[in-house]
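Enquirer: I'd like to ask you about the structure that follows.
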Amino acid sequence: MADVEPELAGTSSSAIKLEGGLTSATVDLATDGMSMSFTESGLPTPQKVYLRLENVRGTGFPSDYEVLIDIEDDGHDPLRVGTLSTFAIANASVSDSPHGGSGITQVFEITYAAERLNLKEERTSQLHVRFKEIAQGPRPEASAMQIPGVSMAEPDEAGVEVGRIAIYFE
C-alpha cells in the first residue's frame, strides 16, 4: 500500500470566500468512481483520507480558522480536523512573490474523522466543510509589523479565499 497514489474523491465547485464568523462549503464526492481499494476492499476505512485546501489567498492580517467537517443530517456535531493558518498569506498572494500569487495550500489527514462520519459509504455524496473564525487578540501597531517590500492592508481590509477544497483517498 506504500506506493498507492492518492485518489481524488471530490472537490468544491468554486472558490469560497471566508466571511463572518462561520463559512460553510460543500464538497461533492464521486462515490461511483472511487477505487476498488476504497469502496469494495472490505477494509473498514481507506488507509488515509486527506482534506486539501488549495490556493488559499488573502490580504492584510486575517484571522486563523478552525476547520470542521460534517455530513448533513447525520445527527452528529461537526468534527474539528485542524486549523487553517493564515500566517504570511498576504505575501504568498502577491503575484510577484516566490509563490506567484497562488497563495498557500494546507493538507489535513482526516482518516479518523472520515471513519467516524462513515465517509466510505456510497450513500455519502457530499461532505460539508466549515471554517470557524478564531478570534484574534489586540493587533500590533502597523509600524511594528512593517515588512520591507510588502504593502500593509488595514485590518478591515483583511480577507481570505479558499480556491478549492479537495478530498483524497489512498
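The values are calculated or read from the model by the stated rules, or taken from the named source; none is laboratory data. As the structure is a prediction and not an experimental result, all values here were calculated from the model. Counting neighbours? That spans all protein chains shown, and the Cβs are built from the backbone with ideal geometry, glycine included.
Enquirer: Tell me, yes or no, whether segment 27-43 has at least one residue that is under 13 Å from the mean Cα position of the chain (by Cα) and either farther than 16 Å from residue 165 by Cα or modelled with pLDDT of 90 or more (or both). Lay out the reasoning, then the answer.
Expert: In the first step, residues of segment 27-43 are kept if they are under 13 Å from the mean Cα position of the chain (by Cα); the result is 27.
With the extra rule that they be either farther than 16 Å from residue 165 by Cα or modelled with pLDDT of 90 or more (or both), the set shrinks to 27.
Taking every residue of segment 27-43 in turn, at least one turns out to be under 13 Å from the mean Cα position of the chain (by Cα) and either farther than 16 Å from residue 165 by Cα or modelled with pLDDT of 90 or more (or both).
Enquirer: Select from segment 61-95 the residues that are buried (at least 16 other Cβ atoms within 10 Å of the Cβ) and among the charged types (D, E, K, R) and list them in ascending order.
Expert: 64, 66, 70
Enquirer: I'd like to check something: does segment 48-55 contain any residue that is under 23 Å from residue 135 (Cα atoms), modelled with pLDDT of 85 or more and in a loop (DSSP other than H, G, I, E, B)?
Expert: Checking segment 48-55: not a single residue is under 23 Å from residue 135 (Cα atoms), modelled with pLDDT of 85 or more and in a loop (DSSP other than H, G, I, E, B).
Enquirer: May I pose another question? Please find, within segment 64-88, the residue that is nearest to residue 24 (Cα to Cα) out of those that are outside any strand (DSSP E or B) and at pLDDT 90 or above. Break it down into steps so the answer makes sense when it comes.
Expert: First, the residues of segment 64-88 that are outside any strand (DSSP E or B): 64, 71-78, 85-88.
Restricting the remaining residues to those that are at pLDDT 90 or above gives 64, 78, 85-86.
On the way: 64: 15, 78: 11, 85: 17, 86: 18 Å.
Looking at residues that are outside any strand (DSSP E or B) and at pLDDT 90 or above, I get 78.
Enquirer: To continue, here is another question. Mind telling me which of the residues 20, 10 ends up being in contact with a strand residue (DSSP E or B) (Cβ under 8 Å, 6 or more places away or on another chain), at pLDDT below 95 and part of a strand (DSSP E or B)?
Expert: Details: 20 fails: part of a strand (DSSP E or B).
That would be 10, the only listed residue that is in contact with a strand residue (DSSP E or B) (Cβ under 8 Å, 6 or more places away or on another chain), at pLDDT below 95 and part of a strand (DSSP E or B).
Enquirer: When both residues are 6+ apart or on different chains and their Cβ atoms are under 6 Å apart, which pairs have a first residue that lies in segment 159-170 and is closer than 16 Å to residue 86 by Cα, and a second that is of a type in the set (Lys, Arg) and in a strand (DSSP E or B)?
Expert: So the pair list comes out as 161/17; 161/57.
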